[in-house]
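Each remark here refers to the structure printed beneath this line.
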Amino acid sequence: MQKTEPAHSEEAALEAEQLPTTKGFMATLKSVNKYRCAAGFGAFSIVLYAFLYFYNTDLTHIAQATHDGEKTWFFVPIVIALVFSIIHGSFTSHFWDALGVKAKS
């Protein structure tokens, strides 16, 4: 005697083929996250540059006060440079990753 499979297994196989695979979904999610990260860090970088533009007179006064002997504000330019470096570097990294450009190893 030959064993026959029930008809519902064929339907289940067709449904399984139509369902998205976890690998495909995760790959799509990773590519979307790359674009979101790049856009997020890019927007944050633009906001930082806008703050720098709008508060440039305050920063000039802080620099002048530091030059005149008030040494308590010397860390402000250092912190600003560090934040700009981290945010802009992260944006650049995520931007190139989103485009698919990788360094040659």
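Every number here is computed from the coordinates shown, using simple stated rules; none is lab data. What you are looking at is a predicted structure, and each value in this text was computed from that prediction instead of being measured. A quick note on method: Cβ atoms are made from the backbone with ideal geometry, for glycine too, and the neighbour counts reach across all protein chains shown.
Residues in the stretch 47-58 carry Karplus couplings, in order, of 4, 4, 5, 5, 4, 4, 5, 6, 10, 5, 5, 5 Hz; the curve used is 6.51 cos²θ - 1.76 cosθ + 1.60 with θ = phi - 60°, and Gly or Pro positions show x.
If we count other beta carbons within 10 Å of each Cβ, what is the order of L48, L82, fewest first? Write out the running numbers ahead of the final one.
Numbers: L48 15, L82 11.
The fewest-first ordering by Cβ neighbours comes to L82, L48.
Taking every pair of alpha-carbon atoms in the stretch 34-105, what share in percent sits in each 5 Å bin, from 0 to the bin with the longest distance? For the stretch 34-105, the binned pair fractions read 3, 16, 18, 18, 13, 11, 8, 6, 5, 2 percent. Ranked by how many other Cβ atoms sit within 10 Å of their own Cβ, fewest first, the residues Y53, Y35 fall in the order Y53, Y35.
Counted by neighbouring Cβ atoms within 10 Å, the residues S85, S90, S105 run from fewest to most as S105, S85, S90.
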